[in-house]
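Readers should treat all values here as calculations from the given coordinates under stated rules, not as data from a laboratory. Quick caveat, the model's predicted, so the values are computed rather than measured. Don't worry about glycine lacking a Cβ; one is built from the backbone with ideal geometry, like all the others, and counts go over all protein chains shown.
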Amino acid sequence: MNSPTSTTTLTLLQLNDVHGYLNLHQEVFPGPEGFTYRPCGGYARLAAVLHAWRRQHANCLLFDGGDTFHGTRPVVETQGEILLPVLRELGIAGMTAHWDFAYGPAHLKALVSQLNYPLLAANVYDKATGEPFFPPYQLYETGGLRVGVVGLACPIVEANMPAHFSEGLHFTDGHQELPRYIAELREQKQADVVVLLSHCGFPQDMALLSRHAGVDVCLSSHTHNRLYEPVQVNGCLLMQSGAHGSFAGRLTLQLENGRVVGHEHELREISADITPDPVVQALVDHALAPFAHLREAVGITRGALHRATAVNAPMDDFLLESLRFRVPGAAVYLANGWRYGAPVPPGPVRLDDLYDINPMDSEIETVELTGVELWQLLEQNLEKTYSPDPLCQMGGYVKRALGLKVYFKVENPAGTRVQRVFVGDELLDPARTYQAVFITVQAVPEGLGRNRRGTGHHAVAAMRAYLDRHRPLAVAQPETFVVT
């Protein structure tokens, strides 16, 4: 540990929510006249920026906030294996997780065993033994500083994701664990700096930190916030650095006598004009060589497809129209409000764009729902999205729907937000049974409705067929959910 009169710096580097985007891809940017699009990202350009930061700043530690092993077709098809050689080259010090559990806990552990850094998760327990499934924290030493890092995986893995994600595990929200490990790091390990590496989400991290002092920096993930300045809460600096690897974050701390006395922050866009690191680019090119077929042009879109809006989004309107085209005749079409998925600007649509929209290529399913069940489904989704208690928010945007028009008041308490629902041109009938078409249990949870069946059709083929029929694609963008 430093002497009482020591002065030094510590630089924390952040990646979060890269979602499997190995190479350059399109990204969406808000502007005064709406959204614009430009290419960003890729691990080789990220590596170049990380190398430059390390040359400029002493005592650097790089952390990955998770949502790493899921999000693009090459990553999903190889269950994350494709990323391992690339990740080992980046000099990452530690990570935590969310969608990384998609292939089951045992597979995630197997992936991590092949990395040269740990996965930290103080809030994930083996149900059979009650023991932590991953190390809860790690102590790092750099430049004479002792840096304690506590990890929190996303708690909604058990509550809101497919059951196999959390098989044999129990997740908590971190409230019990965080103060215990802060004290252990401060008092027993003599940490100079305590960092929270969290995939709980920006609102959840703010709630946790407001109740528990002693964290110097929170490396936040999950909600894809682009924070151009760190947010200060209860003596802690919180940063989050966008998504898709389109950005990287740097926070340089100035410390005197073991206390943070100043900081400098940078959110760096990983723009196309950055020269890629040749070693990492070679690894990426080798990894993607078997997936050259994904570059096939499969259609043209007249308008941009994106998920940059919380209530309705043109990318999901296209997805739902494709479900209706493949499985016609239902009253309602439903999909989850995913945040991930790089945008598709006007112009050619490639096969990998369709997989970016739904990398799992989910089977299209049908289910019968009563009007009461539909109403309850909508209310529950709005509560999971907009609950005033951040720890009750379950991630993602408002559920995507076609065939419905929902008027709601976002500020109302749970169970009272929905004001009016129309199915087609008719007011929702609580007693009537409606045929619904959907993809994934995140759209319609298990146990809800009757006669739940697979159709044998899958999302990507449905989108491709819709593009074949509609050239160029001009997706109608109805206001399915209307805030009143």
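Taking only the C-alpha atoms of the stretch 7-287, the Rg (one decimal) and the largest Cα-Cα distance, Dmax (whole number), read 17.9, 55 Å. With Cα atoms as the point set, the radius of gyration and Dmax of the stretch 1-143 evaluate to 17.6, 55 Å. Each residue in Tyr43, Tyr333, Tyr103, Tyr228 was given a count of other beta-carbon atoms within 10 angstrom of its own, and listing them fewest first yields Tyr228, Tyr103, Tyr333, Tyr43.
For the stretch 296-483, calculate the relative contact order in percent as a whole number, restricting contacts to Cα pairs under 8 Å that are 6 or more residues apart.
Values: 396 pairs, mean separation 71.3, N = 188.
Answer for the stretch 296-483 is 38 percent.
Counting beta carbons within 10 Å around each of Phe422, Phe165 and listing the fewest first gives the order Phe422, Phe165. When the label point is put 7 Å from the Cα of His51 along its Cα-to-beta-carbon vector, which residues of the stretch 88-125 have a backbone N closer than 17 Å? Once the point is set 7 Å along Cα→Cβ of His51, 88-92 turn out to lie under 17 Å by backbone N, inside the stretch 88-125.
To the nearest 20 debye, what is the magnitude of the charge dipole of the chain about its Cα centre, counting +1 on the Cβ of each Lys and Arg and -1 on the Cβ of each Asp and Glu? Walk me through the intermediate numbers first.
Working: 38 positive and 51 negative charges, 95 e Å.
Here the chain has a charge dipole of around 460 debye.
Take the Cβ atoms of Thr129 and Arg469, set R0 to 56 Å, and the FRET efficiency comes out at 0.55. Computing FRET efficiency as 1/(1 + (r/R0)^6) for Ala159 and Asn257, where r is the C-beta to C-beta distance and R0 is 51 Å, gives about 0.75. Its relative contact order, with pairs defined as Cα atoms under 8 Å and 6+ residues apart, puts the chain at 17 percent. The stretch 171-237 and the stretch 258-275 have Cα centres lying 19 Å from one another.
Taking the square roots of 5 times each eigenvalue of the Cα gyration tensor of the stretch 296-483, largest first, gives ellipsoid semi-axes of 27, 19, 15 Å. Amide H to amide H, with H built 1.01 Å from N, Arg339 comes under 5 Å of Tyr397, counting only residues 5 or more places away or on other chains.
Rounded to whole numbers, the Karplus 3J(HN,Hα) couplings from phi for the stretch 405-416 are 10, 10, 9, 9, 10, 5, 7, 6, x, 3, x, 10 Hz, using 6.51 cos²θ - 1.76 cosθ + 1.60 with θ = phi - 60°, and x at Gly and Pro. Note on Leu448/Gln419: beta-carbon distance plugged into 1/(1 + (r/R0)^6) with R0 of 35 Å gives a FRET efficiency of 0.95.
Along the stretch 425-437 the Karplus relation, 6.51 cos²θ - 1.76 cosθ + 1.60 evaluated at θ = phi - 60°, assigns HN-Hα couplings of 9, 10, 4, 4, 9, x, 8, 7, 9, 10, 7, 10, 10 Hz to successive residues, with x for each Gly and Pro.
Which order do peptides 71-77, 463-469 fall in by mean Cβ count within 10 Å, highest first?
Details: 71-77: 22.0, 463-469: 17.9.
My ranking of the peptides, most packed first, is 71-77, 463-469.
Using C-alpha pairs under 8 Å with a sequence gap of at least 6, the mean separation divided by the residue count of the stretch 13-148 gives a relative contact order of 20 percent.
Across the alpha-carbon set of the chain, the Rg to Rh ratio works out to 0.97, Rh being the Kirkwood radius. Sequence-ordered 3J(HN,Hα) estimates for the stretch 145-161 from the Karplus curve with 6.51, -1.76 and 1.60 and θ = phi - 60° stand at 9, 10, 10, x, 10, 9, x, 10, 6, 5, x, 6, 4, 7, 8, 9, 10 Hz, glycine and proline given as x.
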